[in-house]
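Chemist: Before anything else, here's the structure in question.
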Amino acid sequence: MEVGLSIGLTGVRSGWSPLRLSGLKAWSECDRPVYQDAAMSTLAGPGDPVGGVPDRSGAGYHATQGTTAHKPTLVAGAFPSGRSGLSFDGVDDRLLVSGLAALFSGADKPFSVALACKVADTSSRALQGMGNSGTSSPYCMFYVTGSAYTQYRRDDALAWVSLTGPAMSVNQPQVVIATFGETPGVVARIALNGGSESNGPMDVGATTLDRFTIGTVERAGTPLYPFKGVIGAWVVVARAISAPERTALAAYLMRWAGM
């Protein structure tokens, strides 16, 4: 266990943004214009279903959902900052970030994902996941199990490994960051609110991915451990970000959420 990423959090310049991160592939914030439809032509207001969340990274990996019943709902003032978020129903709501999973196909491809969220209960709930639409087991997911954040990955033989991270709190705004591959194929890490952190080995094999989801992980098209709560922002980087970068990203998202 490592503690101490909070050092210097308040000193990170307010002008910093995720655009400073090399390898940035997705960056979405739900207080900015979001859309009712996957084509992103009809603006969503509070209480509306959301089928399109634009990517701000410039890479073009937007989050979409074409099925009305699977769309999360826009909630105004979801965070102490007054910013909006998306409410996921814990049943089948989810967003697909089309094309993003393919970047992580292969053996032990490094990545980082950060989210500003509020978890509604202590059931097993996936915030984010990756898999293949033709297989019955997810390859990777970042989820809540009991009262802690956990990262899970498997190999082609369906052998799995997991890392249990810091404890979470129900109905409280939180910023969680997960990375994989600091040392190629070895170290995974989970950091909470720029402070408490867990890390450990997660050496796994190669696989082919075509699904990157926010709000669940899919198993042959069926949601597994669907998220219940609010997600307000997410950032995805195609590498394992460093400790100073985790500090800066946590500070940015905590300011965004009003923590």
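The values are calculated or read from the model by the stated rules, or taken from the named source; none is laboratory data. Just so it is clear, the structure is predicted and the values come from calculations on it, not from any experiment. All Cβ positions, glycine included, derive from the backbone under ideal geometry; neighbour counts span all protein chains shown.
Chemist: Test Leu24 against the criterion of being touching a helix residue (DSSP H, G or I) at 6+ places or on another chain (Cβ under 7 Å) and at pLDDT 95 or above, and give yes or no. Please lay out each step first, then the result.
Modeler: Details: touching a helix residue (DSSP H, G or I) at 6+ places or on another chain (Cβ under 7 Å): yes; at pLDDT 95 or above: yes.
Yes, satisfied.
Chemist: Do you know which residues across the stretch 180-199 are modelled with pLDDT of 95 or more and β-branched (Val, Ile, Thr)?
Modeler: Answer for the stretch 180-199, where residues must be modelled with pLDDT of 95 or more and β-branched (Val, Ile, Thr): just Ile190.
Chemist: For residues that are modelled with pLDDT under 95 and assigned to a strand (DSSP E or B), scanning just the stretch 200-218, find the one that is nearest to Ala114 (Cα to Cα). Steps first, answer last, please.
Modeler: Taking the stretch 200-218 and keeping what is modelled with pLDDT under 95, we get 200-211, 217-218.
This time we only want the ones that are assigned to a strand (DSSP E or B), so: 200-201, 206-207, 211, 217-218.
Working: Gly200: 18, Pro201: 20, Ala206: 23, Thr207: 23, Arg211: 18, Val217: 16, Glu218: 19 Å.
My answer is Val217.
Chemist: Would it be correct to say that Arg83 is crowded, with 22+ Cβ neighbours inside 10 Å, among the charged types (D, E, K, R) and in contact with an Asp or Glu (Cβ under 9 Å, 6 or more places away or on another chain)? Give the derivation first.
Modeler: Working: crowded, with 22+ Cβ neighbours inside 10 Å: no; among the charged types (D, E, K, R): yes; in contact with an Asp or Glu (Cβ under 9 Å, 6 or more places away or on another chain): yes.
No, not satisfied.
Chemist: If you don't mind, another one. Sort out which residues of the stretch 219-238 are in a loop (DSSP other than H, G, I, E, B), of a type outside the set (Phe, Trp, Tyr) and modelled with pLDDT of 95 or more, and write them in order of number. Don't jump to the end; show me each part of the working.
Modeler: Looking only at the stretch 219-238, we keep the residues that are in a loop (DSSP other than H, G, I, E, B), and these are 220-221, 225, 227, 238.
Right, trim to of a type outside the set (Phe, Trp, Tyr) and you get 220-221, 238.
Ala238, the sole residue that qualifies.
Chemist: Among the residues of the stretch 220-243, which ones are crowded, with 20+ Cβ neighbours inside 10 Å and hydroxyl-bearing (Ser, Thr, Tyr)?
Modeler: Once the filter is applied, which keeps residues that are crowded, with 20+ Cβ neighbours inside 10 Å and hydroxyl-bearing (Ser, Thr, Tyr), the stretch 220-243 yields only Tyr225.
Chemist: Output the residues belonging to the stretch 167-191 that are aliphatic (A, V, I, L, M), farther than 27 Å from Gly106 by Cβ and within 13 Å of the chain's Cα centre (by Cα). Steps first, please.
Modeler: Initially, the stretch 167-191 is screened for residues aliphatic (A, V, I, L, M), giving 167-168, 170, 175-178, 186-188, 190-191.
From what's left, farther than 27 Å from Gly106 by Cβ: 167-168, 170, 175.
Val175 - this is the single residue of the stretch 167-191 that is aliphatic (A, V, I, L, M), farther than 27 Å from Gly106 by Cβ and within 13 Å of the chain's Cα centre (by Cα).
Chemist: Identify the single condition in (1) in a strand (DSSP E or B); (2) under 28 Å from Tyr252 (Cα atoms) that Val161 does not satisfy, given that it satisfies every other one.
Modeler: Failed condition: (2).
Chemist: Further, regarding this structure: Looking at Glu245, is it of a type in the set (Asp, Glu) and part of a strand (DSSP E or B)?
Modeler: Values: of a type in the set (Asp, Glu): yes; part of a strand (DSSP E or B): no.
Considered against the rule, which asks whether it is of a type in the set (Asp, Glu) and part of a strand (DSSP E or B), Glu245 comes out as no.
Chemist: Taking interchain pairs and intrachain pairs at least six residues apart, which have beta carbon atoms under 9 angstrom, with the first residue in the stretch 109-132 and without any contact (Cβ under 8 Å) to a residue 60 or more places away in the chain and surrounded by fewer than 24 Cβ atoms within 10 Å (Cβ to Cβ) and the second assigned to a strand (DSSP E or B) and not polar (S, T, N, Q)?
Modeler: Close Cβ pairs satisfying both conditions: Thr122/Val144; Thr122/Val170.
Chemist: If you take the residues in the stretch 92-138 that are touching a helix residue (DSSP H, G or I) at 6+ places or on another chain (Cβ under 7 Å) and of a type in the set (A, V, I, L, M, F, W, C), which one is farthest from Val170 (Cα to Cα)?
Modeler: Per the criteria, the residue is Phe111.
Chemist: Can you pull out the residues in the stretch 173-189 that are part of a loop (DSSP other than H, G, I, E, B) and either more than 19 Å from Leu249 (Cβ to Cβ) or in contact with a Ser or Thr (Cβ under 6 Å, 6 or more places away or on another chain) (or both)?
Modeler: At the first step, the residues of the stretch 173-189 found to be part of a loop (DSSP other than H, G, I, E, B) are 173, 181-186.
Once the filter is applied, which keeps residues that are part of a loop (DSSP other than H, G, I, E, B) and either more than 19 Å from Leu249 (Cβ to Cβ) or in contact with a Ser or Thr (Cβ under 6 Å, 6 or more places away or on another chain) (or both), the stretch 173-189 yields Thr183, Pro184, Gly185, Val186.
Chemist: Of all residues in the stretch 199-213, count the ones that are more than 17 Å from the chain's Cα centre (by Cα), surrounded by fewer than 21 Cβ atoms within 10 Å (Cβ to Cβ) and not hydrophobic (A, V, I, L, M, F, W, C).
Modeler: Qualifying residue count for the region: 6.
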